[in-house]
Amino acid sequence: MQESIDDRMLSRAYSYDALGSFVAMPIGQLAWGPLGAGFGNSRVLVVSGIAYAAICLLVLTSRSVRDLPRHTAPGDEVAAVG
């Protein structure tokens, strides 16, 4: 995130990222109980794992994500040893 976002907007990007995480976690925890009671804990766990893996793979299908350039600052080059 630090490589792709302007320094002036970085704190805002981190705030939105944290907000999304902190909102999603309790929602998932609250949904787990009724889903586990209705469908069984093991089924919900397997479906959740498959959904998580599918979302990760779907993100990688985005060309803009796959082709994110790596930015290096001057002086970050690794010196050859020997």
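Values for this structure:
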quantity	calculated
Residue check for A37: within 16 Å of the chain's Cα centre (by Cα) and in a helix (DSSP H, G or I)	no
Matching residues in segment 28-52 - criterion: being open to solvent by 50 Å² or more (accessible area, probe 1.4 Å) and among the aliphatic types (A, V, I, L, M)	L30, L35, A37, L45, V46, V47, I50
Filter result (modelled with pLDDT under 85, in a helix (DSSP H, G or I) and β-branched (V, I, T)) within segment 40-81	V65
Single condition G20 does not satisfy, out of (1) part of a helix (DSSP H, G or I); (2) modelled with pLDDT of 85 or more; (3) loosely packed, with under 10 Cβ neighbours inside 10 Å	(3)
Residue check for R12: farther than 29 Å from D67 by Cα, open to solvent by 100 Å² or more (accessible area, probe 1.4 Å), assigned to a helix (DSSP H, G or I) and charged (D, E, K, R)	no
Of the criteria (1) in contact with a helix residue (DSSP H, G or I) (Cβ under 7 Å, 6 or more places away or on another chain); (2) surrounded by 10 or more Cβ atoms within 10 Å (Cβ to Cβ); (3) polar (S, T, N, Q), which one Q2 fails	(2)
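The values are calculated or read from the model by the stated rules, or taken from the named source; none is laboratory data. None of the values given here were measured: they were computed from a predicted structure. Don't worry about glycine lacking a Cβ; one is built from the backbone with ideal geometry, like all the others, and counts go over all protein chains shown. What goes into the accessible areas is simple: the full protein's heavy atoms, side chains included, and nothing from ligands, DNA or RNA. Shrake-Rupley method; radii C 1.70, N 1.55, O 1.52, S 1.80 Å.
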